[in-house]
Amino acid sequence: MDTPLLSISGLTKAYPGVVANDDVSFDIKPGEIHALLGENGAGKSTLVKMIYGLVTPDKGEMRMNGAPFAPGKPSEARQSGVAMVFQHFSLFDALDVAENVALGMENPPPMRDLARQIREVSETYGLPLDPSRTVGTLSAGERQRVEIIRCLLQDPRLLIMDEPTSVLTPQEVDILFQTLNKLRSEGTSILYISHKLEEIRALCDHATVLRLGKNVGTCTPSQRTAREMAEMMVGNSFAAPEARAKALGEILLSVKGLTLPAPGSFGTPLRGISFDVRAGEVLGLGGVAGNGQDELLAAISGERLSDGGSITLKGEDVSRKGPTERREAGLLSGPEERLGHAAAPDMSLIENGVLTAARRMGLLSNGFIGWGKARSFAEEVIERFDVRTPGPGTAARALSGGNLQKFVVGREIVQAPDVLIVNQPTWGVDAAAAAFIRQSILDLAAKGSAVVVISQDLDELMEVSDRFGALNEGRLSQIRDVAGLDIEQIGLMMGGASDMEVAHGAA
Amino acid sequence: MDLSSINPVLLIASLMVSATPILLAAIGEMVVEKSGVLNLGVEGMMITGAVVGFAIAVNTGSPGWGFVAAALAGAALSLAFGVLTQFLLSNQVATGLGLTLVGLGLSSLIGKPYEGLKTPTLPKAEIPLLSDLPVFGKMLFSHDIMVYVSLILVAAVWAFLKYTRAGLILRAVGESHDSAHALGYKVTRIRMAAILFGGACAGLGGAYLSLVRVPQWTEGMTAGAGWIALAIVVFASWRAGRVLVGAYLFGGVTVLQLNLQAAGADVPVALLSASPYLITIIVLVIISARGAHAAPASLGRSFHASH
């Protein structure tokens, strides 16, 4: 058992402008569940893509059972015994389970034998699945089972699972963990990618933590607290925020007991969220992705209506009003997904400007669009936010991510909203543009707007926010002043509200 | 009117002949659509098959060579469609419509010298014993070889899609070309093969019109049969068995209304002439209204492997 199953040394992969993996080394032993832990953008996905042969490393080497291992494509990795369960499934809805499994195998047996094998494997590993069911009718958890069984039928030595629990219900997570434990006891190694600390503590033997593409340490999760691991993930690099003296105005946005069911099988329900934001204030909301960020933004922007009385804008109940009415009343929003949510990809910047600014900026007259005004509005956004584009007539799709982000955030800020809520305002944006966007958020607040910034970048939140709260499974932690917050307290807030009392005791 | 003049044995026998062109075109198009490609050029490929098959049969004196040439001509036309849509990523609907226009124009050009000529036609392939059966022998077992070929083709397509791995891969490509590509299947190559098969089938269907059913060449003789084939594929929910039902229903009503017209039925001729189109579509709509609409999920979407 001394030779590691997979040994990774000095693996480096750079993309233009970003080093996704920088000299990463670690070993996976036979029969262990090894966690790969890190924030979004820490380089986890790039690393497993290299192991699975989807991406070729720039430097470094991998050894499988001591022999050099350099898969050029996924089928070579599969032949070496590496199997991968994708985060986004690669299934065919209209085909049945057995057909889907057959399509993912190199040499599938005849259908009747395959159906029997699927039944056997599904019973052995406690993954109930009927081979004749149509995949389109399956739940997210069952669909994942199809992928897992597809992998298991090929007797993998290393099973890679990319955030497998992000789409599962708690019951399904339990079933999955039992299966993984059984696989481990049979000697299969599992590389388990996640950023959910409690899961990793419950399941994994070892954990390698990545931060900004670097391996910042390996630990034994069961001997560490979630807090310690959160610190490793987030790092101590950020500057402690300073208190900002500010004259705060009246409450502009008030959310009380906001509760909404999950929008679909992949969503997170919102559970009793309450907070106030005052004029001149920036409220930062942190938390690991998928804990209700998108749902909260949709509820506040008006994409989803909530119970009467739960959202109050300048003293007026807007919970039952749609996005257009809320925009008119001064509540603007910038969702995370630039292409397809914040902007229509194939429409020009002028048209995209009209989409959210039509009424507030008076771009309409008698139901007709005043294109002259629309053009000057788009040009104003482009000029003030330094959007690099050939002109306002360019399609949104043609802009680089950073420039489009400047446009969609700028489009809302130019409208001088009373309340602005943005999700991931600087996601995938280069440092200079990000700094500019943050400064404009601060300027907006200084002029007397109330701003809610949802982000997974803690440094960013510390820089722009006056107060900070964290979302965890659709609940909002207690909101605290940023001044005086330290990394331990933030880690606890992100880990869940139940730890909060301890934090108070410690502080 | 004199209904007794309608002989049920002859009616069913001529029904099978009447339905064969549409059946051939529809089963080919079904395979194309199962792979996720929408080729609206069936009418154009059929009429090109009709004129090329006719010309070759007249010149060689062999209807067999006529059918071979018609299949090749249909496939050649569909190859143009395939290159445009699969490699140059043109819009499938517009390209298919263009293919129909090209086929109609091309066929008039090629067919001009052949108008009014006679062609050798396929002999009846009497099946020993079976064709001697009373009533059924004449009804079902005294047809030319292409009628049986079309039926065998339907069965073969059904079995291919249901039981073979290649058929499964073809369906998978039509369902989600991205997933299929991720699993390492050659999406474009598989679709090209399906498009060529569909073109060849449409060509055969057209040649059956000009060489057996009519048998003569007249401009525009397909008269919308290609469009009916397309409609049948959709309303048959992309199932081989239902395509057969739809095609035979259309053929049956066509023959029946002709017989009714001859018998002097007291119904406007225009309504009788329209009845095959109406009845086929109504019946298939009723069938497809029940149960799932199994349209291939990637139907009509362009695929480009960007990674």
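The values are calculated or read from the model by the stated rules, or taken from the named source; none is laboratory data. These numbers were taken from a predicted model, which means no experiment stands behind them. Please note: Cβ atoms are built from the backbone with ideal geometry, for glycine as well, and neighbour counts cover all protein chains shown.
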- Message: Checking the conditions here, which among B:Leu97, B:Leu153, B:Leu106, B:Leu79 is under 20 Å from the mean Cα position of the chain (by Cα), closer than 26 Å to B:Ala240 by Cα and crowded, with 17+ Cβ neighbours inside 10 Å?
- Response: B:Leu153
- Which one of these is touching a Leu at 6+ places or on another chain (Cβ under 8 Å), outside any helix (DSSP H, G or I) and touching a residue at least 12 places away in the same chain (Cβ under 8 Å): B:Val93, B:Val31, B:Val37? B:Val37
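Please verify whether A:Gly126 is at pLDDT 85 or above, on the phi > 0 side of the Ramachandran plot and under 31 Å from the mean Cα position of the chain (by Cα), treating the condition exactly as stated.
It is false that A:Gly126 is at pLDDT 85 or above, on the phi > 0 side of the Ramachandran plot and under 31 Å from the mean Cα position of the chain (by Cα).
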- Item | Positions within the range A:156-171 being part of a loop (DSSP other than H, G, I, E, B) and either at pLDDT below 85 or over 20 Å from A:Leu5 (Cα atoms) (or both), in sequence order | A:Glu163, A:Leu168, A:Thr169
- Message: Every residue in the range A:86-100 that is more than 11 Å from chain B (Cβ to nearest Cβ) and crowded, with 20+ Cβ neighbours inside 10 Å, please.
- Response: A:Val97
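Determine which member of the set B:Arg191, B:Arg171 is surrounded by 19 or more Cβ atoms within 10 Å (Cβ to Cβ) and within 14 Å of chain A (Cβ to nearest Cβ). Quick ask: steps written out before the conclusion?
Numbers: B:Arg191 fails: within 14 Å of chain A (Cβ to nearest Cβ).
That would be B:Arg171, the only listed residue that is surrounded by 19 or more Cβ atoms within 10 Å (Cβ to Cβ) and within 14 Å of chain A (Cβ to nearest Cβ).
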- Note on the structure: Per the list (1) small (Gly, Ala, Ser); (2) away from every other protein chain (no Cβ under 13 Å); (3) touching a helix residue (DSSP H, G or I) at 6+ places or on another chain (Cβ under 8 Å), residue check on A:Gly60 breaks on (3)
- Among the numbered criteria (1) surrounded by fewer than 22 Cβ atoms within 10 Å (Cβ to Cβ); (2) over 17 Å from B:Phe197 (Cβ atoms); (3) modelled with pLDDT of 95 or more, which single criterion is violated by B:Gly61? (3)
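In the range B:266-286, which residue that is touching a residue at least 24 places away in the same chain (Cβ under 8 Å) and buried (at least 16 other Cβ atoms within 10 Å of the Cβ) is farthest from the other protein chains (Cβ to nearest Cβ)?
We begin by selecting, within the range B:266-286, every residue touching a residue at least 24 places away in the same chain (Cβ under 8 Å); these are B:266, B:276-277, B:279-281, B:283-285.
Next cut, buried (at least 16 other Cβ atoms within 10 Å of the Cβ) only: B:276-277, B:279-281, B:283-284.
Values: B:Pro276: 31, B:Tyr277: 30, B:Ile279: 30, B:Thr280: 26, B:Ile281: 24, B:Val283: 25, B:Leu284: 20 Å.
Applying the filter and picking the extreme gives B:Pro276.
Which one of these is at pLDDT below 90, buried (at least 21 other Cβ atoms within 10 Å of the Cβ) and in contact with a Pro (Cβ under 6 Å, 6 or more places away or on another chain): A:Ala42, A:Ala77? Step through it out loud before you land on a result.
Working: A:Ala42 fails: in contact with a Pro (Cβ under 6 Å, 6 or more places away or on another chain).
Exactly one residue qualifies, and that residue is A:Ala77.
Test of understanding: among A:Ile148, A:Ile160, which residue is in contact with a Pro (Cβ under 9 Å, 6 or more places away or on another chain), more than 13 Å from chain B (Cβ to nearest Cβ) and crowded, with 21+ Cβ neighbours inside 10 Å?
Exactly one of A:Ile148, A:Ile160 is in contact with a Pro (Cβ under 9 Å, 6 or more places away or on another chain), more than 13 Å from chain B (Cβ to nearest Cβ) and crowded, with 21+ Cβ neighbours inside 10 Å, namely A:Ile148.
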- One residue from A:Val48, A:Val19 being surrounded by fewer than 17 Cβ atoms within 10 Å (Cβ to Cβ) and within 27 Å of A:Lys196 (Cβ to Cβ): A:Val19
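Hey, does the range A:111-118 have a residue that's within 32 Å of the chain's Cα centre (by Cα), buried (at least 21 other Cβ atoms within 10 Å of the Cβ) and either at positive phi or more than 12 Å from chain B (Cβ to nearest Cβ) (or both)? It would help to see each step written out before you state the result.
If we filter the range A:111-118 for residues that are within 32 Å of the chain's Cα centre (by Cα), which is where we start, we get none.
No.
Please work out if B:Tyr248 is assigned to a helix (DSSP H, G or I) and crowded, with 19+ Cβ neighbours inside 10 Å.
Working: assigned to a helix (DSSP H, G or I): yes; crowded, with 19+ Cβ neighbours inside 10 Å: yes.
Criteria met by B:Tyr248.
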- Task: Among the helices (runs of 4 or more DSSP H) lying completely within the range A:325-427, list those that include at least 3 residues that are modelled with pLDDT of 90 or more and surrounded by fewer than 23 Cβ atoms within 10 Å (Cβ to Cβ).
- Result: A:349-357, A:371-384
- Message: Which pairs turn up if I take residues in the range B:169-188 that are at pLDDT below 85 and of a type in the set (D, E, K, R) and look for partners that are buried (at least 20 other Cβ atoms within 10 Å of the Cβ) and part of a helix (DSSP H, G or I) with beta carbon separation below 6 Å, at least 6 apart in sequence or on another chain?
- Response: none
